[in-house]
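The values are calculated or read from the model by the stated rules, or taken from the named source; none is laboratory data. Computed from a predicted model, the values in this text were never measured in an experiment. Glycine also receives a Cβ, built like all others from the backbone with ideal geometry; neighbour counts cover every protein chain displayed.
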Amino acid sequence: MKTSFYDPKYYVNREISWVQFDHRVLNEAKNKRVPLFERLKFMSIVSSNLDEFFMVRVASLIDMIHADYDKKDIAGMKPKKQLEALLAEIQLLTTEQYNAFNRSLLPALKEKAGIEIVRHHEELTLSEQTFVDKYFRETVYPVLTPMAVDSSRPFPLIRNKTLNIGAMVKKKGVEGEFEFATVQVPAVLDRLVLLPGRTRVQRVILLEEVIERNISKLFLHYDIVTAHPYRITRNGDFTIQEDEAEDLLKEIEKQVKKRQRGEAIRLEVEDEIDKRLLKFLKKELKVGDNSVFKIDGPLDLTLCMKIYGLEGYDEFREQQHQPVPAPEFEDVGSIFSIIRKGDVMLHHPYQSFKPVVDFIREAASDPKVLAIKQTLYRVSGNSPIIAALEQAASNDKQVTVLVELKARFDEENNIEWAKQLEKAGVHVIYGLVGLKTHSKITLVVRKEDTGIRRYVHLGTGNYNDATAKLYTDIGLFTCDEKIGEDATAVFNMLSGYSEPEGWNDLILAPIWLKDRFLELITRETRNAKSGKKARIVAKMNSLCDPDIIAALYAASTAGVKIDLIVRGICSLKVGIPGVSENITVRSIVGTFLEHSRIFYFENGGKSEVYCGSADWMPRNLERRVEIVFPIKEKRLQEELKHILDVEMQDNIGASILQPESIQYVKPDRRGKKTVNSQEIFVREAQEKYEAVFPAQKETKRRFVPVMSSPVPEDTVKLAHKRKKQKNNS
């Protein structure tokens, strides 16, 4: 009987797979080989990941259930079953997270770093109580807005992801039922309050404990029966009917504001919360039992990043990596002349993002540049690229920028950038109806002696100078004519909906990227069957497209060796007899966020290598504008193959997916050389630079005064004469 590669038993639910990814992040927080404060950072990432996951993915499942959507996913699970299984998995993850925080991180902080978190205000000494009460009176009290709930005052809007303290109160001297009151813990104040009297240990109390200790001062005519912190997560997903929206920018602004009023989908409370208070919160917030998370510790462990930011603890952090300059761009002269010598590839964050910024800056001021066109998905808060684009417009360049307003959780930021660019005279496009533009491409059109030449930058990551120091990505500079023609076609399609009759080298979604990937996988399958060399190595963020997975299963059964490096979601199962015995999957979690997409196909000995912005997910392949580009030059292909080879040997940051399972385990390092791919790439970037610009031996410093104008010759002679006279005397 022929095997069906679409059988649900061969697939993992994408949401459950994501929870496994957060487990891998948590494992780094538990890893005692990782510097203490870096472990705190990973603990914070787990919490921020979960917040976004609830706001988007859990919210999406709840929306499906409300709409009576009953279709099964690729693993054969209906939305209701997915939600039940998912919430159970997250409960286990949360328990594991707080066990690690309480039993490992807190003791290590006190023992090694001399930092003690006071869990409850009842544990304060008398002198600390005096300090805390004064701090509350002078600093905290003026900021607070206590809110009571009674017949004249309805239950207030509890804002998304805010920390609050709920209390059951009773009027003094009056018999009757308890009433509810609440106060938001102000985010404008530091959550960590350093206590005075430091000796060997710095004691710290959390702001919510300071407020809880003094909460009676907020409700003077009431007795406080019980008070506990709580926090909610709301549905942050929204759907826009773009066809009906007259002004997309205004419609998205309106929808973003609704996030604070979205349905409450998670309620986090202290595990010791009073039952009456919890019952009231569940009723008012309309939250079911399976969406209540009882926490043994402080709510919202993104507070770990607050601890990470404390000064004076550098010995517990990794030395911050400074991206190394790319030697190609250290050459004196125009950046365009450098690109004309041959394609240049950058590996971020090991190599600096500065050439990308310089590319736009030089184009903005170069009189020969006629036009600059760029897509922007996420940019930094104080973006030098935005500034360069504005400068280009003021220099009368033709500047066109696609700002993706639908970039989730960056909508407000991108709306402001779009408005600012339009004021500067930039032609701003908001993308295509029904599609997010996720591609990363810049086109510079330049008039030269030989005619018009097009310079292109393509990348796997965003044009964000801040995240370029934290995310691993690939960038390519080229003035290849065919890629230049395709780049022009891309922007014409985005701005004028005019798709060309044919394409040269760039592969676009949703037009034909998925078909092209399926063709490449199928070609490897044919080569394996005919005895030719066949292998696939693919690195990406996520893999859950059923057609791609089925094609990989077919290739595996034909004998194609397939190695996948997938950081996050992976719906494929390895090691299934007769299906996926030739497939391996590894996930790398390290200091930097693995973000690059690299695709290698052996092609019978004539290997092809591609990079791009797309993961192997239905949304990337079918519902987004994505670009995948070939790496043509052999020397650059070899560099990318080297990156993949090193990551396949990684036994520090890597975890290996187990056969017929969703579990990942660290590789067995016994008797093997330690390989940390990220550390190797840091070293190699430095060595590549020093091979061209050897490190100078440190010499005695000389301070030479800067003259505003050339020194007159007579003055120099007089100075020498006086020096000689002084020496003789």
Collect the residues in region 140-171 that are out of contact with any helix residue (DSSP H, G or I) (no Cβ under 9 Å at 6 or more places or on another chain) and within 27 Å of L109 (Cα to Cα), keeping them in residue-number order. T162
Unique residue being charged (D, E, K, R), in contact (Cβ under 8 Å) with a residue 40 or more places away in the chain, buried (at least 21 other Cβ atoms within 10 Å of the Cβ) and in contact with a Ser or Thr (Cβ under 9 Å, 6 or more places away or on another chain) when the list is K514, K539: K539
So, M64, is that one surrounded by 17 or more Cβ atoms within 10 Å (Cβ to Cβ), of a type outside the set (S, T, N, Q), within 29 Å of the chain's Cα centre (by Cα) and modelled with pLDDT of 95 or more or not? no
Which one is surrounded by the most Cβ atoms within 10 Å (Cβ to Cβ), of the residues in region 1-25 that are at pLDDT 95 or above and over 30 Å from S48 (Cβ atoms)? Y10
Inside region 256-375, counting only helices (runs of 4 or more DSSP H) that do not spill past its ends, which hold 2 or more residues that are in contact (Cβ under 8 Å) with a residue 40 or more places away in the chain and not assigned by TED's automatic domain parsing to the domain that holds V185? 304-308, 335-340, 354-365
Candidates E626, E581, E608, E633, filtered to the one that is surrounded by fewer than 22 Cβ atoms within 10 Å (Cβ to Cβ), under 20 Å from A509 (Cβ atoms) and not assigned by TED's automatic domain parsing to the domain that holds I16: E608
Looking only at region 53-87, how many residues end up being in a helix (DSSP H, G or I) and either without any contact (Cβ under 8 Å) to a residue 24 or more places away in the chain or aromatic (F, W, Y) (or both)? 8
Selection within region 416-468 - among the hydrophobic types (A, V, I, L, M, F, W, C) and assigned to a helix (DSSP H, G or I): W417, A418, L421, A468
Is it the case that A424 is of a type outside the set (S, T, Y), assigned by TED's automatic domain parsing to the domain that holds F477 and either surrounded by fewer than 21 Cβ atoms within 10 Å (Cβ to Cβ) or modelled with pLDDT under 95 (or both)? yes
Output the residues belonging to region 436-451 that are out of contact with any Lys or Arg (no Cβ under 6 Å at 6 or more places or on another chain), in contact (Cβ under 8 Å) with a residue 24 or more places away in the chain and not acidic (D, E). T437, S439, K440, I441, T442, V444
Surrounded by 17 or more Cβ atoms within 10 Å (Cβ to Cβ), of a type outside the set (G, A, S) and more than 19 Å from S613 (Cα to Cα): which single residue out of I521, I569, I548, I562 fits that description? I562
Any residue in region 172-190 that is closer than 30 Å to K161 by Cβ and free of Cβ contacts under 8 Å to residues at least 60 places away in the same chain sitting within a Cβ distance under 9 Å of a residue that is of a type in the set (D, E, K, R) and buried (at least 18 other Cβ atoms within 10 Å of the Cβ)? List the pairs, counting only those 6 or more apart or interchain. V185/R191; V185/E208
Looking at G451, G502, which is the one that is at positive phi, surrounded by fewer than 24 Cβ atoms within 10 Å (Cβ to Cβ) and not aromatic (F, W, Y)? G451
Consider L105 against the criteria (1) under 35 Å from the mean Cα position of the chain (by Cα); (2) at pLDDT 95 or above; (3) not assigned by TED's automatic domain parsing to the domain that holds V56: it satisfies all of them except one. Which criterion is unmet? (3)
For V210, state whether it is assigned to a strand (DSSP E or B), modelled with pLDDT of 85 or more and surrounded by 16 or more Cβ atoms within 10 Å (Cβ to Cβ). no
In region 8-26, which residue that is part of a helix (DSSP H, G or I) and over 18 Å from the mean Cα position of the chain (by Cα) is nearest to I90 (Cα to Cα)? I16
